[in-house]
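Novice: I am attaching a structure below and will ask some questions about it afterwards.
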Amino acid sequence: MGKTRLEDAIQKTGKPIEVTYRAFELDPTMGRDVTENMYETLAKKYGMSLAQAKANTDNVAKMAKEVGLDFRFDTLIQTNTFDAHRLTMFAKTKGLMKEMTERILQAYFTESKHIGDHETLTELAVEVGLDRGEVATMLANNDMADEVRADQKAAQRYGISSVPFFLMNNKYALSGAQPTDVFLQALEKVLAEDQITFINPTEGDKCDDDGCEIPKK
């Protein structure tokens, strides 16, 4: 949702703005093949009932629908996403990171595909124009793992603990799926100061779910 609202805000600026995606795992300890469903996982993690977990995700699905997204939590397949992140990093070397990221998100949230499965990832990669053999070889090895971990370490240094998270010109930060108007205001502020690019943080002050305290210059 945050990604869609950001894209809407960028379009409203009418300016060329570069967006760079970075890797971030919400739960690096999750296994590849998970037997429990989303509601069971949320109930266990946050100490709530299954009914409460479902109500929360139903609310998220409703908000997603408002921006044209179809989230299907009933059939969503939970899995470890490290290999999916490796694939997006590989796609980046081919100039297809945006397309690969969008395809994986759709496969996960809408199509209930197993994005931890190498065959599934390979098929998704072919759909966006990547070479089947190159992708299969990459996934079978440990290629692009260092690149993923570098992004994760950078996020740790900056204190980022949740997604979505947006950093503008390594200066202003927003966390969460903010309304389009909030993104637009932030973009216009940065555009008024300087040309904007979205990059991964390497240093800075502590961030939490409410945002970041940005150092004054």
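The values are calculated or read from the model by the stated rules, or taken from the named source; none is laboratory data. The model shown is predicted, which means the values in this text are computed figures rather than measured ones. In this analysis, Cβ positions are derived from the backbone assuming ideal geometry, glycine residues included, and neighbour counts consider all displayed protein chains. Ligands, DNA and RNA are excluded from the accessible area calculation, which covers all protein heavy atoms including side chains. Shrake-Rupley method; radii C 1.70, N 1.55, O 1.52, S 1.80 Å.
Novice: In this structure, is Ala136 assigned to a helix (DSSP H, G or I), within 25 Å of Glu36 (Cα to Cα) and among the small types (Gly, Ala, Ser)?
Specialist: So Ala136 fails the test.
Novice: Can you find, within region 42-88, the residue that is nearest to Pro28 (Cα to Cα) among those that are open to solvent by 60 Å² or more (accessible area, probe 1.4 Å) and of a type in the set (Gly, Ala, Ser)?
Specialist: Per the stated criteria, the residue is Gly47.
Novice: In region 148-172, how many are of a type outside the set (S, T, N, Q), open to solvent by 40 Å² or more (accessible area, probe 1.4 Å) and modelled with pLDDT under 85?
Specialist: Selection size over region 148-172: 2.
Novice: Which of the residues spanning region 15-41 are under 13 Å from Ile77 (Cβ atoms), surrounded by 15 or more Cβ atoms within 10 Å (Cβ to Cβ) and among the small types (Gly, Ala, Ser)?
Specialist: Result: no residue meets the conditions.
Novice: Condition test on Thr79, is it over 24 Å from Ile160 (Cβ atoms), out of contact with any Pro (no Cβ under 6 Å at 6 or more places or on another chain) and not small (Gly, Ala, Ser)?
Specialist: no
Novice: Quick check, is Leu105 hydrophobic (A, V, I, L, M, F, W, C), on the phi < 0 side of the Ramachandran plot, open to solvent by 50 Å² or more (accessible area, probe 1.4 Å) and out of contact with any strand residue (DSSP E or B) (no Cβ under 9 Å at 6 or more places or on another chain)?
Specialist: Here the answer is yes, as Leu105 does meet what is asked.
Novice: Please specify each residue of region 108-135 satisfying the condition of being surrounded by fewer than 16 Cβ atoms within 10 Å (Cβ to Cβ) and within 14 Å of Asp83 (Cβ to Cβ).
Specialist: Passing the criteria: Glu119, Glu123.
Novice: Taking only region 136-147 into account, find how many residues are open to solvent by 30 Å² or more (accessible area, probe 1.4 Å) and in contact (Cβ under 8 Å) with a residue 40 or more places away in the chain.
Specialist: 3
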